[in-house]
């Protein structure tokens, strides 16, 4: 079986194995079937498959984004939303995109980031 037909960029175990390959230069032990073959440009084909899977996930709102990466102190809408949060304890309705993650200590990081720009 060819590596490019075996590898599934939607399978979390396959992606984790690929990360190990990138970090160490070797696939994890016992990950690949014994009959695997490596075709021409297999690395580029796997990278392309992973990139396409990522684009599909983004397009289908399957990617979680952390609030501290989303919030932008240079955008007036974000500054106004932050002021609303400080006043009411809640973000304005429909401000936070679908799939947004409020990570550990998100308030501290958002507050620090928002105070880097003053309107």
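Out of all the residues in the range 7-28, is one or more on the phi < 0 side of the Ramachandran plot and touching a strand residue (DSSP E or B) at 6+ places or on another chain (Cβ under 6 Å)?
There is no residue in the range 7-28 that is on the phi < 0 side of the Ramachandran plot and touching a strand residue (DSSP E or B) at 6+ places or on another chain (Cβ under 6 Å).
Given the condition under 30 Å from residue 97 (Cβ atoms), exposed (fewer than 14 other Cβ atoms within 10 Å of the Cβ) and at pLDDT 90 or above, answer yes or no: does some residue in the range 25-43 qualify?
No: zero hits.
Would you mind telling me which numbered condition in (1) within 30 Å of residue 115 (Cβ to Cβ); (2) touching a strand residue (DSSP E or B) at 6+ places or on another chain (Cβ under 8 Å) residue 85 fails?
(2)
Within the range 71-102, restricting attention to residues that are at negative phi and within 12 Å of the chain's Cα centre (by Cα), which residue is modelled with the lowest pLDDT?
Per the criteria, the residue is 101.
Which one is farthest from residue 35 (Cα to Cα), of the residues in the range 1-24 that are part of a helix (DSSP H, G or I) and in contact with a helix residue (DSSP H, G or I) (Cβ under 6 Å, 6 or more places away or on another chain)?
Among those that are part of a helix (DSSP H, G or I) and in contact with a helix residue (DSSP H, G or I) (Cβ under 6 Å, 6 or more places away or on another chain), it is 4.
Would you call residue 70 touching a residue at least 24 places away in the same chain (Cβ under 8 Å) and surrounded by fewer than 14 Cβ atoms within 10 Å (Cβ to Cβ)?
On the way: touching a residue at least 24 places away in the same chain (Cβ under 8 Å): yes; surrounded by fewer than 14 Cβ atoms within 10 Å (Cβ to Cβ): no.
No: the conditions fail for residue 70.
Would you be able to say whether some residue in the range 57-65 is within 30 Å of residue 107 (Cβ to Cβ), exposed (fewer than 15 other Cβ atoms within 10 Å of the Cβ) and touching a helix residue (DSSP H, G or I) at 6+ places or on another chain (Cβ under 7 Å)?
Within the range 57-65, one or more residues are within 30 Å of residue 107 (Cβ to Cβ), exposed (fewer than 15 other Cβ atoms within 10 Å of the Cβ) and touching a helix residue (DSSP H, G or I) at 6+ places or on another chain (Cβ under 7 Å).
Being closer than 30 Å to residue 18 by Cβ and out of contact with any strand residue (DSSP E or B) (no Cβ under 9 Å at 6 or more places or on another chain) is the requirement here; does residue 60 meet it?
The answer is yes for residue 60.
I'd like to check something: does the range 37-47 contain any residue that is out of contact with any strand residue (DSSP E or B) (no Cβ under 9 Å at 6 or more places or on another chain) and assigned to a loop (DSSP other than H, G, I, E, B)? Write out each step before concluding.
Restricting attention to the range 37-47, the residues satisfying the condition of being out of contact with any strand residue (DSSP E or B) (no Cβ under 9 Å at 6 or more places or on another chain) are 40-41, 43-47.
Then keep just the ones that are assigned to a loop (DSSP other than H, G, I, E, B); that gives 40-41.
For the range 37-47, residues out of contact with any strand residue (DSSP E or B) (no Cβ under 9 Å at 6 or more places or on another chain) and assigned to a loop (DSSP other than H, G, I, E, B): present.
The values are calculated or read from the model by the stated rules, or taken from the named source; none is laboratory data. All values derive from a computational prediction rather than experimental measurement. Every residue, glycine as well, gets a Cβ built from its backbone with ideal geometry; the counts of neighbours run over all protein chains shown.
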